[in-house]
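Chemist: Okay, here's the structure, questions in a sec.
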Amino acid sequence: MIIESARLDVRPGREDDFLAAFEQARPLISVQRGFVSLRLLRCLDPGQESRFLLTVEWERLENHTEGFRKSPEYERWRELLHHFYSPFPVVEHFGEPNRPW
């Protein structure tokens, strides 16, 4: 399992518009091969109300990097969401190390 993580800094004052657009965008990613789950969390710290954390769980890294990012749905995702961010988010991928805990 792979976790995609992105801190989304939405332009102040555009949070409600972003959340409405995100609801339109959510089905575009949820139908992708290897998609497992998605969470969008809002920052609770004072003065950071425009910050969100997006985590997406994928079966394999390639489901995101080769599948979704090269799909027609991703183009629509970009149109709906990317203009809200400043700065543009860094997207990272995490997985469990091959060690017993």
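Bear in mind that the values in this text are calculations on the coordinates, not laboratory data. These numbers were taken from a predicted model, which means no experiment stands behind them. For neighbour counting, all protein chains shown are included, and Cβ atoms are generated from backbone atoms with ideal geometry for every residue, glycine included.
Chemist: Helix-derived [θ] at 222 nm for the chain: sum -39500 (n - 2.57) over DSSP H runs of at least 4, divide by residue count, nearest 500?
Modeler: -8000 deg cm²/dmol
Chemist: Okay, moving on. Please report the antiparallel percentage of the DSSP beta bridges confined to the chain, to the nearest 5. Mind dumping the intermediate values first?
Modeler: Details: 20 of 20 bridges.
Percentage antiparallel, nearest 5: 100.
Chemist: Moving to a separate point now. Check which residues have an amide H placed less than 5 Å from LEU8's amide H, if you skip close sequence neighbours.
Modeler: Here PHE52, LEU53, LEU54 satisfy the definition.
Chemist: Which whole-number percent gives the relative contact order of the chain, counting Cα pairs below 8 Å spaced six or more residues apart? It would help to have the intermediate numbers written out before the result.
Modeler: Numbers: 154 pairs, mean separation 46.4, N = 101.
It comes to 46 percent, rounded to a whole number.
Chemist: Check each of the trypsin sites (Lys or Arg not before Pro) in region 46-101 and keep only those in coil by DSSP with at most 13 other C-beta atoms within 10 angstrom; list them in order. Each step should come with its number before you reach the end.
Modeler: Numbers: sites: ARG51, ARG60, ARG69, LYS70, ARG76, ARG78; in loops: ARG60.
For trypsin sites (Lys or Arg not before Pro) across region 46-101 that sit outside H, G, I, E and B with at most 13 neighbouring Cβ atoms in 10 Å, the list is empty.
Chemist: For region 81-93, what does the Karplus curve 6.51 cos²θ - 1.76 cosθ + 1.60, with θ = phi - 60°, yield as ³J(HN,Hα) per residue in whole Hz, taken in order and with x for Gly and Pro?
Modeler: 10, 5, 6, 7, 8, 7, x, 5, x, 8, 9, 10, 10
Chemist: Report, to the nearest 10°, how far helix 15-30 tilts away from the longest principal axis of the Cα atoms in the chain, using its own Cα long axis and a range of 0 to 90°.
Modeler: Value to nearest ten degrees: 20.
Chemist: How large is the Rg to Rh ratio of the chain when both quantities use alpha carbon positions and Rh follows Kirkwood?
Modeler: Numbers: Rg = 14.2 Å, Rh = 14.3 Å.
When Rh is taken as the Kirkwood radius, the ratio is 0.99.
Chemist: What is the sum of charges, Lys and Arg at +1 and Asp and Glu at -1, for the other residues whose Cβ falls under 10 Å from the Cβ of TRP58?
Modeler: Working: positive: ARG33, ARG60; negative: GLU4, GLU57, GLU59, GLU62.
Local net charge: -2.
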